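J.: Below are the structure tokens for one structure; questions will follow.
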Amino acid sequence: MHVDSSVELERDDPALEVPWSSEDNELRYYDLRNHPTLIDEVQEVKSWPEMREFLLRVNSLVFPLQSAKSDLWTTNELSAEEEVFAAQQKFASYVDLIFAEVEARCSLEGHQELIRKLTELLKRAPDIPAMIEFVLRRCYYHSSPDANACEGDDYTGFCITAYTSGFGDSGEEARQRWGIALKLLQHALVQSTRA
């Protein structure tokens with residue numbers, strides 16, 4: 001499995017806002033940590049039980065992270081980097097992960113350390129046609145209970161976008177490999193966040 005990470009903290013780089021909603025309010029942020037029954041409102045879990053299981057685990061009250069946003073897609077268009085898998089199909093997802101505690105959300109070092117641990121663990125995973133990439137991004141948090149927890153006037157912190165992709169000669173094969181990679185990511189998250 002290929003594992004990679006990058007940092008996108010420049011002014012023009014994409015950033016996350018929490019909470020968020022689409023312009024038509026069809027899609028929006030759900031606080032699954034404090035309201036797990038809202039899981040059925042998340043579009044990605046309706047057809048993909050693997051994503052449902054992953055989101056329920058990372059939003060558990062005993063877990064230090066939670067999800068902020070997610071998406072799933074399938075495509076037969078592969079990037080130059082992905083051509084190494086010699087596949088016809090890609091099944092992919094992303095989940096934006098944030099720390100549950102306000103202070104941790106604002107720690108650049110904490111996010112970097114988590115990515116380092118995850119990358120180290122996942123590089124030891126079985127060699128399957130799959131890819132996981134972590135992107136460290138800026139996150140703008142609104143309605144914070146503790147607006148003074150971070151430096152500056154805004155409650156600005158960080159988040160990690162975890163991309164997971166599976167590759168195969170059919171859509172089903174790509175989905176199976178994505179499911180394995182997502183499960184490996186879940187286990188790595190659990191191991192990496194243990195005190």
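The values are calculated or read from the model by the stated rules, or taken from the named source; none is laboratory data. Every value quoted in this text rests on a predicted model; they were computed, and no experiment measured them. Glycine gets a Cβ as well: all are built from the backbone with ideal geometry, and neighbour counts include every protein chain shown.
J.: Take the residues in the stretch 16-60 that are in a loop (DSSP other than H, G, I, E, B) and acidic (Asp, Glu); name whichever of them is modelled with the highest pLDDT. Show your work before the answer.
T.: Quick first cut of the stretch 16-60, residues in a loop (DSSP other than H, G, I, E, B) only: 19-20, 22-27, 29-35, 42, 46-48, 59-60.
Among the residues that remain, those that are also acidic (Asp, Glu) are: 23-24, 26, 31.
Working: Glu23: 92, Asp24: 92, Glu26: 88, Asp31: 95.
Filtering first and then ranking leaves Asp31.
J.: I'd like to know if the stretch 76-88 contains one or more residues that are surrounded by 14 or more Cβ atoms within 10 Å (Cβ to Cβ) and β-branched (Val, Ile, Thr). Talk me through it step by step, then tell me what you get.
T.: Step one: list which residues in the stretch 76-88 are surrounded by 14 or more Cβ atoms within 10 Å (Cβ to Cβ), which gives 78, 82, 85, 87-88.
Keeping just the survivors that are β-branched (Val, Ile, Thr) gives none.
Taking every residue of the stretch 76-88 in turn, none turns out to be surrounded by 14 or more Cβ atoms within 10 Å (Cβ to Cβ) and β-branched (Val, Ile, Thr).
J.: Tell me yes or no: at least one residue of the stretch 65-72 is over 16 Å from Ser192 (Cβ atoms), among the charged types (D, E, K, R) and more than 15 Å from the chain's Cα centre (by Cα).
T.: No; the residues of the stretch 65-72 include none that is over 16 Å from Ser192 (Cβ atoms), among the charged types (D, E, K, R) and more than 15 Å from the chain's Cα centre (by Cα).
J.: A further question on this structure: Checking Asp13 against (1) in a helix (DSSP H, G or I); (2) touching a strand residue (DSSP E or B) at 6+ places or on another chain (Cβ under 9 Å), which test does it fail?
T.: Failing condition for Asp13: (1).
J.: Between a first residue in the stretch 173-195 that is at positive phi and of a type outside the set (Gly, Ala, Ser) and a second residue that is surrounded by 23 or more Cβ atoms within 10 Å (Cβ to Cβ) and not in a helix (DSSP H, G or I), which pairs have beta carbons less than 6 Å apart while being 6 or more apart in sequence or on different chains?
T.: No pair meets every condition.
J.: Which residue is surrounded by the most Cβ atoms within 10 Å (Cβ to Cβ), if the candidates are limited to the stretch 124-144 and must be of a type in the set (A, V, I, L, M, F, W, C) and in contact with a Gly (Cβ under 9 Å, 6 or more places away or on another chain)? So that I can check it myself, show each step before the final result.
T.: Step one: filter the stretch 124-144 for residues of a type in the set (A, V, I, L, M, F, W, C), giving 125, 128, 130-132, 134-136, 139.
With the extra rule that they be in contact with a Gly (Cβ under 9 Å, 6 or more places away or on another chain), the set shrinks to 128, 130-131, 139.
Values: Ile128: 16, Ala130: 30, Met131: 24, Cys139: 22.
My answer is Ala130.
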